[in-house]
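For reference, the structure discussed in these notes is given below.
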Amino acid sequence: MAVYTEVSDDELASFIAAYDLGALMSFKGIAEGVENTNYFVHTARGPFILTLYEKRVAREDLPFFLGLMEHLAGRGISCPTPLRNSKGSNLNELAGRPATIITFLEGFWVRRPTPAHCHAVGRAMAQMHLAGDGFALKRANALGMSGWRPLYEEFADRCSEISPDLKALIEDELATLSGKWPAGLPEGVIHADLFPDNVFFLADKLSGLIDFNFACNDALAYDIAVCLNAWCFEQDLAFNVTKGRALLRGYEEVRALTAAECAAMPTLARGAALRFLLTRAYDWLNTPKDALVSPKNPLEYVRRLRFHQGVGSISDYGREADAT
């Protein structure tokens with residue numbers, strides 16, 4: 001359960017009183033999520049989400065995340081929107097943690113995405129990329145290529161606890177990607193973590209995007225690479241080219257990929273697979289045994305990475321040659 005910080009009734013009532021939300025009627029912890037503490041809060045004005053940012057999230061990044069949600073919502077993107085209290089602040093303090101209240105987004109995330117879901121995600125991602133243009137704040141991708149080796153070095157000596165071949169695989173991949181990582185691709189604001197549990201649907205219609213706590217400035221095509229990894233592999237970890245085709249088609253219905261982005265996609269997908277392999281491996285080795293949140297299996301991303309190593313072009317992900 002993702003409730004790391006307990007909040008008393010009196011603390012929450014006092015916090016809510018600073019907003020124009022009416023009386024607090026009920027609240028409960030939300031089990032899903034990994035990074036922060038989340039509560040479902042119901043007031044006289046309806047449901048909202050209260051988030052307390054835990055120590056893993058840098059406080060200096062919070063204005064970027066909250067400002068981005070406000071910017072995107074103002075551009076027509078369906079996403080949670082931070083509320084401002086009577087002093088005009090969207091970031092405040094509760095139980096010793098930075099905290100915010102955001103609007104409640106109706107929907108659910110799909111456990112088994114279909115090509116139709118992938119198509120919708122592709123369109124929504126492209127719309128978000130276009131809407132992010134003009135957002136004034138900047139945030140580097142802390143989990144981009146420059147951050148991979150320092151993260152790896154924190155657990156390199158323990159790789160064999162996960163798999164005897166993992167150390168060699170990661171070191172070879174770091175060396176390969178550092179020599180061929182694409183530069184000069186179109187950049188902007190990306191979500192960087194657009195997994196199925198961060199996309200809500202209602203009756204198979206995409207209702208919104210959530211959890212912008214990894215959002216940053218980076219190559220737009222890298223966001224697509226993350227989604228190819230997150231949405232287009234089956235439970236047996238085989239790549240589903242039909243889903244890949246649907247995701248890419250949905251994206252390009254809104255924003256066409258450049259020739260350079262198409263050429264770079266296999267490398268970007270390898271990098272995205274390595275990024276999640278590294279963070280999962282770190283969590284696997286460092287999460288306490290009695291933690292409320294179970295770490296995810298890093299070896300799932302070894303399988304994905306092996307697939308990307310054999311990809312020759314973006315057509316292997318399903319993009320039709322005549323797409324524009």
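Where a number appears in this text, it was derived from the coordinates with a stated rule and is not lab data. Since this is a predicted model, take the numbers as computed values, not measurements. Cβ atoms come from the backbone with ideal geometry, glycine included; neighbour counts cover every protein chain shown.
Across 10 Å bins from the origin, how do the percents of Cα pairs in segment 89-141 run, short distances first? Values per bin, smallest distances first: 16, 27, 37, 18, 1. Segment 68-95 and segment 102-118 have Cα centres separated by 21 Å.
Count Lys and Arg as plus one, Asp and Glu as minus one, and take only other residues whose Cβ is under 12 Å from that of residue 263; the net charge is then +1. Computed from the Cβ-Cβ distance with R0 of 35 Å, the FRET efficiency linking residue 171 to residue 13 stands at 0.05. Panel note: the C-alpha atoms of segment 9-103, placed on their principal axes, show extents of 31, 29, 27 Å (largest first).
Calculated mean residue ellipticity at 222 nm for the chain: -12500 deg cm²/dmol, from DSSP H runs with n ≥ 4 weighted as -39500 (n - 2.57), summed, divided by the residue count and rounded to 500.
Applying 1/(1 + (r/R0)^6) with r as the Cβ-Cβ distance of residue 83 and residue 30 and R0 = 22 angstrom yields a FRET efficiency of 0.80.
Whole Å is fine, so just give me how far the alpha carbon centre of segment 36-60 lies from that of segment 139-209. Answer, in whole Å: 26. Placing R0 at 51 angstrom, the Cβ-Cβ distance between residue 104 and residue 285 gives a FRET efficiency of 0.90 after rounding to 0.05.
Considered as an equivalent ellipsoid built on the Cα gyration tensor, the chain has semi-axes of 34, 24, 18 Å, the largest given first. Taking the Cβ of residue 117 as the center, what net charge do the other residues with Cβ under 12 Å away carry, scoring Lys and Arg +1 and Asp and Glu -1? With Lys, Arg at +1 and Asp, Glu at -1, the neighbours total +4.
Which is farthest toward the positive dipole end of the chain among 259, 26, 102, measuring Cα position about the Cα centre, with Cβ charges +1 (Lys, Arg) and -1 (Asp, Glu)? It is 259, whose Cα lies furthest towards the positive end.
Based on Cα contacts under 8 Å between residues 6+ apart, the chain shows a relative contact order of 17 percent.
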